[in-house]
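See structure below.
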Amino acid sequence: MSAFDVGALRDLLGPQGVLSAASDLERYLVDERRLYQGQAAAVLRPASTQALSSAMAWCYAHDVAMVPQGGNTGYCGGATPDESGRQIVISLERMRRIRRLDAGAFALTVEAGATLASVQAAARDADLLFPLSMGSEGSAQIGGALSTNAGGLAVLRYGTARDLALGLEVVLPDGRVWDGLRALRKDNTGYDLKHCFIGAEGTLGVITAAVLKLFPAQIQRATAWLAVDDLAAACGVLAGLRRRLGDCMTSFEYVSGPSLALVLEQVPDTHAPPVNAAAHVLVEVAAGAGDGLRDSFEQALCALVSEGLVLEAVLAQNDAQRRAFWRLRETIPAAEKQLGGSIKHDVSVQLDRLPALERDARCAVLARVPAARLSVYGHVGDGNLHFNVLAPAGSDPTLFKAAHAEAVSALVHAAASRLDGSFSAEHGVGKLKRELLRDTEGPVAIDLMWALKRAFDPRGLMNPGKVLLP
Ligand SMILES: Cc1cc2nc3c(=O)[nH]c(=O)nc-3n(C[C@H](O)[C@H](O)[C@H](O)COP(=O)(O)OP(=O)(O)OC[C@H]3O[C@@H](n4cnc5c(N)ncnc54)[C@H](O)[C@@H]3O)c2cc1C
């Protein structure tokens, strides 16, 4: 694209709406995991849906490919432009207004560039709860979370991003705006279009705003750190707590001994939990008004200790201790990054097959690289494991990943596939897992996905090369 073309976009978006100097573009061109380094002709930073609509109509007319970007925390390279230098990045960072909060309807309308943390805060200010929560919530945006159908730490109770969206506003590749911003809990008028855009990773249009579900605030909450023998025991604890406590469990997070050790070794201000075991669980329960949650939780845990499923349990005594427990879970990705990163996997199977998945993947990976370090943790309450493989102590992580990533990932994904699981529970496909999608979904599913893509984006200008392999 020539300087003149950027000028045309600047006319539409204003001086703050277009970045084109190399030093300004840098941070938009590399992904969170530093797997991809792209180039771009410009970064567009629209301040309104209307301005974005005009700019996208211009790009469509001039055959310019567009790459939407939210907080750029995604794990699969979906928000990074290719290396041609001809694509433009569309950043939603200036569109972060809360448009309205309807407390009576338990609904909040927000622009797509608002971070998850800011939406949580807006709900909290109205004594309500927006439950989507994850380690990246300070940067990840609502648009990115919806586009990846993010999961996070409270899926067990509240579902994924898809379950939290009531309505969407989307700019289509040719600049037309679809206004689906309604707060209806029931609406069976034809195809539910919002679900096409949720999880589409920016390949069908740009989400500019959303109506999100809110929930009553959690007035009572209790958090415990549990010591268990292994993942099978953790799954037994999950079933036991569900039967005893019903639906009040919000999070059930597994942390293997080695993952905890990485955090304690790499992350400042973390302290070993007051229990000692090969594996751990962080569990949180919550409820609205009324009393007795903590007591019922304690009784349920005591019963599981007597049954021998829980070895030890510590209930957080105050918010500082709760936060300290959560920090041990949430900083595992940072600890891995500190050591040069890991070969990451985000696999899921139906709940009762999790121990088999972990065992099969472990045996396969260690048979190939006996000294590899495994960091296994995740949202076990959702049947989702992060099965990450780090370089042996003392060896170069970059060389290790170059030599083993492909083969190790094939082994882990094969283990998930044998158990009828998924290779991408919550991180999406992006650029990283396109081959896997093509090879595992079967021809009918891939044909349908292409039909959808062509219907929304006939000229192939919307985040090309992501999700579906050209
Ligand atoms: C420390 C850490 C912890 C994490 N924990 C979790 C977790 O628990 N659960 C989980 O699911 N993920 C997790 N992630 C991954 C990541 O944070 C999520 O995928 C998040 O939803 C991405 O949001 P984002 O705004 O950063 O999107 P980006 O990374 O900017 O983009 C992701 C994809 O969405 C598209 N996109 C972004 N905005 C829009 C828009 N407005 N319209 C259309 N398309 C758009 C992009 O083109 C890209 O394909 C974690 C990441 C980190 C770094």
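The values are calculated or read from the model by the stated rules, or taken from the named source; none is laboratory data. Everything numeric in this text was worked out from a predicted model, so none of it was measured. Note that we place each Cβ from the backbone using ideal geometry, even for glycine, and neighbour counts take in every protein chain shown. The accessibility values were calculated without ligands, DNA or RNA, using every heavy atom of the protein model including side chains. Shrake-Rupley method; radii C 1.70, N 1.55, O 1.52, S 1.80 Å.
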Starting from the Cα gyration tensor of the stretch 175-286, take the square roots of the eigenvalues, sort them a ≥ b ≥ c, and report rounded, prolate or oblate (rounded when a/c is under 1.5, otherwise prolate if a/b is larger than b/c, else oblate). prolate
Cα gyration tensor shape of the stretch 351-394, rounded if a/c is under 1.5, else prolate or oblate by comparing a/b with b/c: oblate
Antiparallel DSSP bridges in the chain: what percent, to the nearest 5? 85
On the accessible surface of the stretch 1-148, probed at 1.4 Å with all protein chains in place, carbon and sulfur together account for a percent value of 48
Can you compute 3J(HN,Hα) from phi for each residue in the stretch 334-347, using the Karplus curve 6.51 cos²θ - 1.76 cosθ + 1.60 with θ = phi - 60°, rounded to whole Hz and x for Gly and Pro? 5, 5, 5, 4, 4, 8, x, x, 10, 7, 8, 9, 10, 9
What nm distance separates the two modelled labels at ALA324 and ALA455, each placed 7 Å from Cα along Cα→Cβ? 5.5
Going by average Cβ density within 10 Å per residue, which order do the peptides 46-55, 381-390 take, highest to lowest? 381-390, 46-55
Whenever you get a sec, compute what percent of the accessible area on the stretch 213-262 sits on carbon and sulfur atoms (1.4 Å probe). 51
Under 18 Å between C-alpha atoms is the cut-off here; go through the chain and count lysine pairs that meet it, provided they're at least eight residues apart or on different chains. 15
Residue-normalised accessible area of the chain, given per residue in Å² at a 1.4 Å probe: 43
In percent, how large is the relative contact order of the chain, given Cα pairs closer than 8 Å and 6 or more residues apart? 15
Using the Karplus curve 6.51 cos²θ - 1.76 cosθ + 1.60 with θ = phi - 60°, work out ³J(HN,Hα) for each residue of the stretch 394-402 in order, rounded to whole Hz, and write x for Gly and Pro. x, 9, 6, x, 5, 5, 4, 5, 4
What residues have an amide H closer than 5 Å to that of ALA107, excluding those fewer than 5 places away on the same chain, when H is modeled at 1.01 Å from N in the peptide plane? ASP102, LEU214
If you average the C-alpha positions of the stretch 391-470 and of the stretch 282-355 separately, how far apart do those two centres end up, in angstrom? 29
Amide H of GLY78 versus every other amide H placed in the peptide plane: which residues, excluding those fewer than 5 positions away on the same chain, fall under 5 Å? LYS431
Which angle between 0 and 90 degrees, to the nearest 10, do you get for helix 49-61 versus the longest principal axis of the chain when only C-alpha atoms count? 60
Please work out the C-alpha center-to-center distance from the stretch 209-270 to the stretch 95-136 and express it in whole Å. 23
Using a 1.4 Å probe on the protein chains only, how many percent of the accessible area of the stretch 351-470 belongs to carbon and sulfur? 58
